[in-house]
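Notes for the one structure printed next.
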Amino acid sequence: MFKIEAAELIVARLPLKFRFETSFGVQTGKVIPLLVLHGEGLQGVSEGTMEFAPMYREETITGALGLLRDVFLPRVLGRTFANPEALNDVLGTFRGNRMARAMVEMAAWDLWARQLGVPLGTLLGGRKEQVEVGVSLGIQPDEAATVDVVRRHVEQGYRRIKLKIKPGWDVQPVRAVREAFPDIRLTVDANSAYTLADTGRLRALDAFDLTYIEQPLAWDDLVDHAELQRRLITPLCLDESVASAQDARKGLALGAGGVINVKVARVGGHGEARRVHDVAQAFGAPVWCGGMLESGIGRAHNIHLSTLPNFTLPGDTSSASRYWETDLIHEPLEARDGLMPVPVGAGIGVTLNREFLAGVAELHEERRE
Ligand code: OSB
Ligand code: MG
């Protein structure tokens, strides 16, 4: 049982240490919405992964802030819930906007776990003390730069390399990297940049022993992914297309892929992420934990979720120091030999660096009943 007495909505802005290019654009910094829920002297914190512009999925920061202020927070402030799933029963009456709802749900899990005095991963049913991680590498100017950035991350021990691709930049970087590193676990992510008309191009990737091809086709199209999967040997991994456990069931039943990238916020929070994990497990499909270039708050949530047993492939939750000169939390989140330690302590096990946050926050407001 936990009571939500007050909420803080914060928006921070941080520069990224690298230029991150994907098929849908270039990112050099991040606008990071945070939600802090207060109850009985404790705080639960979450990070929004919606973006400024709706490029990855349909949600935006502007939309999320409005919904949190006007619709979602008024439904939970001042109320007592038996557990976060009881809170989901309230927020679950709303359609879509899962990343915005996830902000409330994830902060509630952190608050509840802190109250119970247990790590979030343990509360979710996870057992691991460390989780396997890989890296997601943006599109580089040429093959040599791609091999170079891959080499640096292989040397750091990351257990899987994911290359972002787009039409016109797919077979070339993959061939160059595979020739330089015959044995690494290698994957690609197209972020919905292809159509079935590109089948020939995507089939050429079958030659490079990729563990999977992530989200080649439209963000909302499971049927075409199923058609493509019939034409390829390499398993497809669904990212954008899975917003719920029902989507996961439909995708796996259709044969639209064999692997799922679980992003906790994309599916609406930890409760639904765990259901996606369970559905995939029932289908014999492995899952891994994706990332959205999160600060330490979202990263810690991802690490805890990754402790569930069917997260059998390395996630995108790489070291926080790759992304940020200074993180929004006090604790370092650093992988060693491709293993990320699960933060110890109650809840997500990390704490906001309020002093640093005050300097990078462009919005900070409090909400009460
Ligand atoms: O498709 O997984 C993706 C980042 C932003 C939006 C979409 C994606 C990504 C990543 C980065 O691949 C993963 C990370 O390092 O957090
Ligand atoms: Mg992806």
Filter pass, E40 being over 16 Å from the mean Cα position of the chain (by Cα), of a type in the set (D, E) and buried (at least 17 other Cβ atoms within 10 Å of the Cβ): no
Counted residues, the range 185-195 - those being within 15 Å of ligand 2 (Cβ to nearest atom) and either open to solvent by 10 Å² or more (accessible area, probe 1.4 Å) or assigned to a loop (DSSP other than H, G, I, E, B) (or both): 5
Report, by residue number, each residue of the range 51-105 that is charged (D, E, K, R) and touching a Gly at 6+ places or on another chain (Cβ under 7 Å). E85, R98, R101, E105
Could you tell me whether F18 is open to solvent by 30 Å² or more (accessible area, probe 1.4 Å) and modelled with pLDDT of 95 or more? yes
List the residue pairs whose Cβ atoms are under 7 Å apart, where the first residue sits in the range 136-154 and is aliphatic (A, V, I, L, M), the second is open to solvent by 40 Å² or more (accessible area, probe 1.4 Å) and away from ligand 1 (no atom under 16 Å from the Cβ), and the two are 6 or more positions apart or on different chains. V147/A180
The range 258-268 - residue that is surrounded by 24 or more Cβ atoms within 10 Å (Cβ to Cβ) and farther than 17 Å from A100 by Cβ and, of those, nearest to ligand 1 (Cβ to nearest atom): N261
Quick one: in the range 52-99, of everything that is in contact (Cβ under 8 Å) with a residue 60 or more places away in the chain and assigned to a strand (DSSP E or B), which residue is surrounded by the most Cβ atoms within 10 Å (Cβ to Cβ)? F81
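Within the range 196-308, which helices (runs of 4 or more DSSP H) (wholly inside it) include 2 or more residues that are of a type in the set (G, A, S) and in contact (Cβ under 8 Å) with a residue 12 or more places away in the chain?
245-254, 270-282, 296-305
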Members of the range 222-239 found to be within 16 Å of ligand 1 (Cβ to nearest atom) and acidic (D, E), listed by number: D239
Considering L186, L252, which residue is within 15 Å of ligand 1 (Cβ to nearest atom) and within 23 Å of V287 (Cβ to Cβ)? L186
Which members of the range 343-362 meet the condition of being out of contact with any His (no Cβ under 9 Å at 6 or more places or on another chain), surrounded by 14 or more Cβ atoms within 10 Å (Cβ to Cβ) and aliphatic (A, V, I, L, M)? A346, V360, A361
K30 touching a residue at least 60 places away in the same chain (Cβ under 8 Å), open to solvent by less than 50 Å² (accessible area, probe 1.4 Å) and among the basic types (K, R): yes
Please pick out the residue among G255, G284, G271 that is open to solvent by 10 Å² or more (accessible area, probe 1.4 Å) and under 26 Å from E58 (Cβ atoms). G255
From (1) within 20 Å of P286 (Cα to Cα); (2) buried (at least 16 other Cβ atoms within 10 Å of the Cβ); (3) touching a Gly at 6+ places or on another chain (Cβ under 9 Å); (4) not aliphatic (A, V, I, L, M), pick out the condition that doesn't hold for H153. (1)
Looking at the range 107-128, can you tell me whether even one residue there is open to solvent by less than 40 Å² (accessible area, probe 1.4 Å), among the β-branched types (V, I, T) and in a helix (DSSP H, G or I)? no
For the range 235-259, which positions are touching a Ser or Thr at 6+ places or on another chain (Cβ under 8 Å) and away from ligand 2 (no atom under 13 Å from the Cβ)? P235, D247, G251, A256
Against the definition (buried (at least 22 other Cβ atoms within 10 Å of the Cβ) and touching a Lys or Arg at 6+ places or on another chain (Cβ under 6 Å)), how does D239 come out, yes or no? no
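Quick one: how many residues across the range 312-321 are away from ligand 2 (no atom under 16 Å from the Cβ) and within 18 Å of R274 (Cβ to Cβ)?
Count: 1.
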Quick check on the range 199-231: of everything there that is within 20 Å of P286 (Cα to Cα) and touching a Pro at 6+ places or on another chain (Cβ under 9 Å), which residue is surrounded by the most Cβ atoms within 10 Å (Cβ to Cβ)? I213
Just wondering, is there one or more residues in the range 56-76 that are more than 16 Å from ligand 2 (Cβ to nearest atom), among the small types (G, A, S) and in contact with an Asp or Glu (Cβ under 9 Å, 6 or more places away or on another chain)? no
Among residues of the range 326-342 being more than 21 Å from Y158 (Cα to Cα) and assigned to a loop (DSSP other than H, G, I, E, B), the residue most open to solvent (accessible area, probe 1.4 Å) is H330
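The values are calculated or read from the model by the stated rules, or taken from the named source; none is laboratory data. A quick note: this is a predicted structure, and the numbers were derived from the prediction, not measured. Here Cβ is always computed from backbone atoms with ideal geometry, including for glycine, and neighbour counts include all displayed protein chains. Calculation scope for accessible area: heavy atoms of the full protein, side chains included, ligands and nucleic acids excluded. Shrake-Rupley method; radii C 1.70, N 1.55, O 1.52, S 1.80 Å.
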